[in-house]
Amino acid sequence: MTVAAPASPLAVAGDASLADYWRFHRAVATAQLAAWLPLDPQFLVDISGPHGRCAAQAARAGHNVLRVEAGPPPAGTRSPPGPGHGVVTVSADPGSLRFLADGCADGVIADDRTLSRYVAAEYLAAEIARVLRPGGRLLASVDSLVLGMAILAEQRHWAELTDLPSAEVLLIPWPDGTFTRCYGDQHLRDLCAEAGLKPGVIRPRTVLSPSMVTRVLHRDPKAMGRLVQAELTAEADESVGIQLVVMARKPA
């Protein structure tokens, strides 16, 4: 396990100079979710947290979505909502799905770095696998090893960087005292495999750099659609990007 000192401004998403990039980042996330969503109406569980917009997008696409918000867990076991319910919100610990029955969900959405925000991600991944039906799918995003390495380097934690190749878990503290768990490609594959999920696509959320996106949008504010399309068709390289996206499936 590798732990750094409090995170530097490199990790803070609120930098005003990166406003165009974060707008692009959100547009790419929306497009990636749209590509992942099934064509037929299904029951999906969204544990993406308070800032995620996945539940509303999935509901507009015709799916029934159970959105989990932090709060006291409901009594008993919950079954899928009936057809046409759109988004149903329930208060519970998004890191524990014990209130959901085994094999009840067609898909789980764990966007907005859910598996990075929960340090004990092995437990959460196992819970996701439990509630998925055979053949059910997972879409998740995490903070990448690239982000963790960049923060360690900026903070001059050279010893931690030297130890990084042998670290099974990389934890980086944010300024508010919480931790983010960073992953490389193999970390994600191991996490899925241990939970009983078969990983498919693992790619950076964005390959295009913030400086490039900002420069293009400053020159042509209408270029967002073309940038998103270029991102979706770009050759994925796990060694770039501050976040990774993983799509996995529970074997039938």
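Can you name the condition, by its number, that residue 119 falls short on among (1) more than 26 Å from residue 35 (Cβ to Cβ); (2) open to solvent by less than 10 Å² (accessible area, probe 1.4 Å); (3) of a type in the set (Val, Ile, Thr)?
(2)
Restricting the search to the stretch 104-126, which residues are closer than 21 Å to residue 144 by Cβ, in a loop (DSSP other than H, G, I, E, B) and either touching a residue at least 60 places away in the same chain (Cβ under 8 Å) or charged (D, E, K, R) (or both)?
111, 112, 113, 118, 119
Among the residues of the stretch 26-41, write down those that are under 13 Å from residue 138 (Cα atoms) and assigned to a loop (DSSP other than H, G, I, E, B).
37, 38
Within the stretch 42-73, track down each residue that is within 14 Å of residue 137 (Cβ to Cβ), out of contact with any helix residue (DSSP H, G or I) (no Cβ under 8 Å at 6 or more places or on another chain) and aliphatic (A, V, I, L, M).
Once the filter is applied, which keeps residues that are within 14 Å of residue 137 (Cβ to Cβ), out of contact with any helix residue (DSSP H, G or I) (no Cβ under 8 Å at 6 or more places or on another chain) and aliphatic (A, V, I, L, M), the stretch 42-73 yields nothing.
Out of the stretch 4-29, which residues are acidic (Asp, Glu) and either out of contact with any helix residue (DSSP H, G or I) (no Cβ under 8 Å at 6 or more places or on another chain) or at pLDDT below 75 (or both)?
Result: 15, single match.
Working only within the stretch 197-226, note down all residues that are part of a helix (DSSP H, G or I) and under 21 Å from residue 111 (Cα atoms).
Within the stretch 197-226, 210 is the sole residue that qualifies.
Report, by residue number, each residue of the stretch 237-252 that is open to solvent by 50 Å² or more (accessible area, probe 1.4 Å) and either modelled with pLDDT of 95 or more or out of contact with any helix residue (DSSP H, G or I) (no Cβ under 9 Å at 6 or more places or on another chain) (or both).
Within the stretch 237-252, 237, 247, 249, 251, 252 meet the criteria.
Which residue out of 103, 95, 107 is at pLDDT 90 or above, under 20 Å from the mean Cα position of the chain (by Cα) and of a type outside the set (Ser, Thr, Tyr)?
Only one candidate passes the filter, namely 107.
Looking at this structure, is residue 40 open to solvent by 40 Å² or more (accessible area, probe 1.4 Å), over 30 Å from residue 223 (Cα atoms) and modelled with pLDDT of 90 or more?
Here the answer is yes, as residue 40 does meet what is asked.
Of all residues in the stretch 86-103, which are touching a Pro at 6+ places or on another chain (Cβ under 6 Å) and part of a loop (DSSP other than H, G, I, E, B)?
Hits for the stretch 86-103 are 92, 99.
The values are calculated or read from the model by the stated rules, or taken from the named source; none is laboratory data. It should be emphasised that the depicted structure is a prediction, and the values quoted were computed from it without experimental measurement. Ideal geometry is used to build each Cβ from the backbone, glycine not excepted, and the neighbour counts take in all protein chains shown. Areas reflect the complete protein model, heavy atoms only, side chains present, ligands, DNA and RNA absent. Shrake-Rupley method; radii C 1.70, N 1.55, O 1.52, S 1.80 Å.
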